[in-house]
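Below is one structure; the comments refer to it alone.
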Amino acid sequence: MPSANSELIEPVLPMHDIQGIAVPGFLKPHQTLLGVTCKGDSDSIQKFKTLLAETAAEIATADQTLADRRSFREKKGAKTSAVLTAVAFTSQGLAKLTPGAASIPSEAFRQGLAARSNFLGDPQDANEEGSPLNWKVGGPGKDVDGLFVVAGGTREDVNQRAKQLRDRFSQAGLSLEYDEDGDVRDDAGMRGHEHFGFEDGVSQPGVRGRASDGKEDFITDRHIAASQQPEHVLFGFPGQDLVWPGVLILGHPATSPDPLIPGLSSPASPEWTRNGSYLVFRRLRQDVGLFWRTMHQEAERLAGLPGFSGTTDDILASRIVGRWPSGAPVNRIPDGDDLNLGQDKLANNHLKFDSDTSALPLSSGHVDSFPQAKADPAGITCPWAAHIRKVNTRDSGSDTGGRDSTYSRRLLRVGVPFGPPLADRYAETKDDPEQGNRGLLFLSIQASIEDQFEFLMARWMGDPTRPKTPAGHDLLVGQNNAAGENRVRSCTIFGTGVQQSSVSTNAQWIVPTGGGYFFVPSLSALTDVISK
């Protein structure tokens, strides 16, 4: 571990060649997703290539995206005019454009999301909405070859850019198979919350690396005082893991058993995949009314048990998530939400699970005066099955090893909600003007679909014994497709006197309704290989 007087040199990334959706990631409030297909004949393919060559200069690079983010911060949240565009390809789409696609070693990418959905726990029965047979995009007969993501600070700007792309698709003879808007919630007091009502995106990882030769030109800002070791070199914001770029981008150093020492580079094969990444897209419909009706029913049952008196819908839901609706961690404030903590980015992700957490001196002088998290190795305050513990074990060991093992599983989420919020969170679908059509356009960036997204979904969130046991399923987003179990998901929570109780349900409040596995090429691959 570097001492206070030593220096950890982080690599300068080729920001001009990496798409901005991958590093540092699109975090704009408005997006439009456009999925296109190309006929397989040579004339159609050439028109597709020509369109890509003409559009390449408009694809947002990592340096452009980082500059836009820094401008946003300097203006203290004022909307910037930049519209950011990304492009990614499914395996079958990439195969139409270059024979080298067949050499990409990812089996998950080659097979595609629909073919792998059973492994993730998705329903397979044609009578169930979540079956790939019923998906709105990405299922049989609804494949896309390419996905364009348009992101911006205003809906008007995004709409204008999306219209330009639609016109080009039409001129190039491409078929627009999927077209959907996503927008961050902006209703009173709920900006940045997902549709169940919880602040989203609090625990995003940061990426190690610099944008230039400047010693302090870090892609992810550092906020912990330099005198504070080892936290100063482990985290960006307090609690924000810094992962080596190869966790997200192919061809760069990935993680090692020591988070401060770069590991082997993530494989870039063939060579033109260097500086590229994988994008997972999941269209997830959220049945908000079903979620909160289930919370109400279970909270009412628990409140009658010893140790659980006073359990409310919000308390139960927050234990299942691991955070209160504001984003405040339950193991920092177990008894109730604190909006100020939830909104404080220098405090709301600062927590450990297996040991006590202490306030950190920050370079800005900001003071974290909120209650600190106490050691909770048994999951009494924040259950082992809580969503935030299932996807990021932090300082806890897991079935894959010590705390360092979590670094290689991190992914960057760059999606947004779709559909308007539900006014009455307990409403039945029949009383909902949108008939339940709201949810999340989940988009994640990773260097390995198998070892990151699929690992988290199938091995940790969907397995009741992992990453620690006894724990249970991730009730929030996990699935259970085990034979004979009727998709019932269960987890263990504790009462005030450490009484145990199980919460079980087969209510499907998150339903997969589309998606795909995509490759996000570098700018040089797009211009020199894919569009040639």
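The values are calculated or read from the model by the stated rules, or taken from the named source; none is laboratory data. Since we're looking at a predicted model, the values are computed, not measured. Every residue, glycine among them, receives a Cβ derived from its backbone with ideal geometry; neighbour counts consider all protein chains shown.
Assess whether Val202 counts as being crowded, with 16+ Cβ neighbours inside 10 Å and touching a helix residue (DSSP H, G or I) at 6+ places or on another chain (Cβ under 7 Å).
no
State all residues of the range 35-69 that are surrounded by 21 or more Cβ atoms within 10 Å (Cβ to Cβ) and small (Gly, Ala, Ser); if no residue qualifies, say none.
Matches in the range 35-69: Gly35, Ala60, Ala62.
Scan the range 107-130 residue by residue and report those that are in contact with a helix residue (DSSP H, G or I) (Cβ under 6 Å, 6 or more places away or on another chain), surrounded by fewer than 20 Cβ atoms within 10 Å (Cβ to Cβ) and among the polar types (S, T, N, Q).
Gln124
Which one of these does Phe453 not meet: (1) in a helix (DSSP H, G or I); (2) modelled with pLDDT of 95 or more; (3) surrounded by fewer than 23 Cβ atoms within 10 Å (Cβ to Cβ)?
Only one criterion is unmet by Phe453, namely (3).
Run Ala225 past the list (1) aliphatic (A, V, I, L, M); (2) in contact with a His (Cβ under 8 Å, 6 or more places away or on another chain); (3) within 23 Å of Gly397 (Cα to Cα) and report the number of the one that doesn't hold.
Answer for Ala225: the failing condition is (3).
Being at pLDDT 95 or above, under 20 Å from Ala507 (Cα atoms), of a type outside the set (Gly, Ala, Ser) and not in a loop (DSSP other than H, G, I, E, B): is that true of Asn118 here?
So Asn118 fits the description; yes.
Just to be sure I understand, how many residues within the range 416-450 are assigned to a loop (DSSP other than H, G, I, E, B) and of a type in the set (Phe, Trp, Tyr)?
1
Going by the structure shown, is Glu199 closer than 20 Å to Pro421 by Cβ and not aliphatic (A, V, I, L, M)?
yes
Select from the range 472-489 the residues that are in contact with a His (Cβ under 7 Å, 6 or more places away or on another chain) and part of a loop (DSSP other than H, G, I, E, B) and write down the one among them that is farthest from Trp292 (Cα to Cα).
It comes out as Asn480.
For the range 293-322, which residues satisfy the criterion of being touching a helix residue (DSSP H, G or I) at 6+ places or on another chain (Cβ under 6 Å) and under 17 Å from Glu199 (Cα atoms)?
Passing the criteria: Asp313, Leu316, Ala317, Val321, Gly322.
If you go through the range 398-412 one residue at a time, do you hit one that is within 24 Å of Ile333 (Cβ to Cβ) and crowded, with 21+ Cβ neighbours inside 10 Å?
Yes, the range 398-412 contains a residue that is within 24 Å of Ile333 (Cβ to Cβ) and crowded, with 21+ Cβ neighbours inside 10 Å.
Looking at the range 41-69, which of its residues are of a type in the set (Val, Ile, Thr) and either part of a helix (DSSP H, G or I) or under 22 Å from Leu176 (Cα atoms) (or both)?
Result: Ile45, Thr50, Thr55, Ile59, Thr65.
Could you figure out which of (1) surrounded by fewer than 17 Cβ atoms within 10 Å (Cβ to Cβ); (2) more than 21 Å from Gly214 (Cα to Cα); (3) touching an Asp or Glu at 6+ places or on another chain (Cβ under 9 Å); (4) not acidic (Asp, Glu) isn't true of His16?
Of everything listed in (1) surrounded by fewer than 17 Cβ atoms within 10 Å (Cβ to Cβ); (2) more than 21 Å from Gly214 (Cα to Cα); (3) touching an Asp or Glu at 6+ places or on another chain (Cβ under 9 Å); (4) not acidic (Asp, Glu), His16 misses just condition (2).
Only residues that are touching a helix residue (DSSP H, G or I) at 6+ places or on another chain (Cβ under 9 Å) and surrounded by fewer than 17 Cβ atoms within 10 Å (Cβ to Cβ): list them for the range 460-494, please.
Selection gives Asn481 alone.
Say whether the condition of being in contact with a Ser or Thr (Cβ under 6 Å, 6 or more places away or on another chain), crowded, with 22+ Cβ neighbours inside 10 Å and in a loop (DSSP other than H, G, I, E, B) is met by at least one residue in the range 143-150.
yes
Yes or no, residue by residue, for (1) modelled with pLDDT under 95; (2) within 22 Å of the chain's Cα centre (by Cα); (3) more than 30 Å from Gly307 (Cα to Cα):
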position: Ser444; (1), (2), (3): no, yes, yes
position: Arg466; (1), (2), (3): yes, yes, no
position: Ala471; (1), (2), (3): yes, no, no
position: Ser504; (1), (2), (3): no, no, no
position: Phe518; (1), (2), (3): no, yes, yes
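Among the residues of the range 224-251, which ones are touching a Leu at 6+ places or on another chain (Cβ under 7 Å), crowded, with 19+ Cβ neighbours inside 10 Å and part of a loop (DSSP other than H, G, I, E, B)?
Those that are touching a Leu at 6+ places or on another chain (Cβ under 7 Å), crowded, with 19+ Cβ neighbours inside 10 Å and part of a loop (DSSP other than H, G, I, E, B): Gly236, Phe237, Pro238, Gly239, Leu248.
Just give me the residues in the range 456-465 being within 12 Å of Val391 (Cβ to Cβ) and part of a loop (DSSP other than H, G, I, E, B), in sequence order.
Scanning the range 456-465 gives a single hit, Gly462.
Name the single residue, out of those in the range 70-94 being among the hydroxyl-bearing types (Ser, Thr, Tyr) and under 28 Å from Gln111 (Cβ atoms), that is surrounded by the fewest Cβ atoms within 10 Å (Cβ to Cβ).
Step by step, filter the range 70-94, then rank; the result is Ser91.
Can you tell me which residue is farthest from Ser265 (Cα to Cα) among those in the range 205-223 that are hydrophobic (A, V, I, L, M, F, W, C) and crowded, with 21+ Cβ neighbours inside 10 Å?
Residue satisfying both the conditions and the ranking: Ile219.
Test each condition in (1) assigned to a loop (DSSP other than H, G, I, E, B); (2) surrounded by 15 or more Cβ atoms within 10 Å (Cβ to Cβ) for Asp335 and report the one that comes out false.
(2)
Looking only at the range 267-290, decide whether some residue is without any contact (Cβ under 8 Å) to a residue 24 or more places away in the chain, outside any strand (DSSP E or B), touching a helix residue (DSSP H, G or I) at 6+ places or on another chain (Cβ under 8 Å) and of a type in the set (Val, Ile, Thr).
No, the range 267-290 contains no residue that is without any contact (Cβ under 8 Å) to a residue 24 or more places away in the chain, outside any strand (DSSP E or B), touching a helix residue (DSSP H, G or I) at 6+ places or on another chain (Cβ under 8 Å) and of a type in the set (Val, Ile, Thr).
Given the condition in contact with a Cys (Cβ under 7 Å, 6 or more places away or on another chain) and at pLDDT 95 or above, answer yes or no: does some residue in the range 134-143 qualify?
No; the residues of the range 134-143 include none that is in contact with a Cys (Cβ under 7 Å, 6 or more places away or on another chain) and at pLDDT 95 or above.
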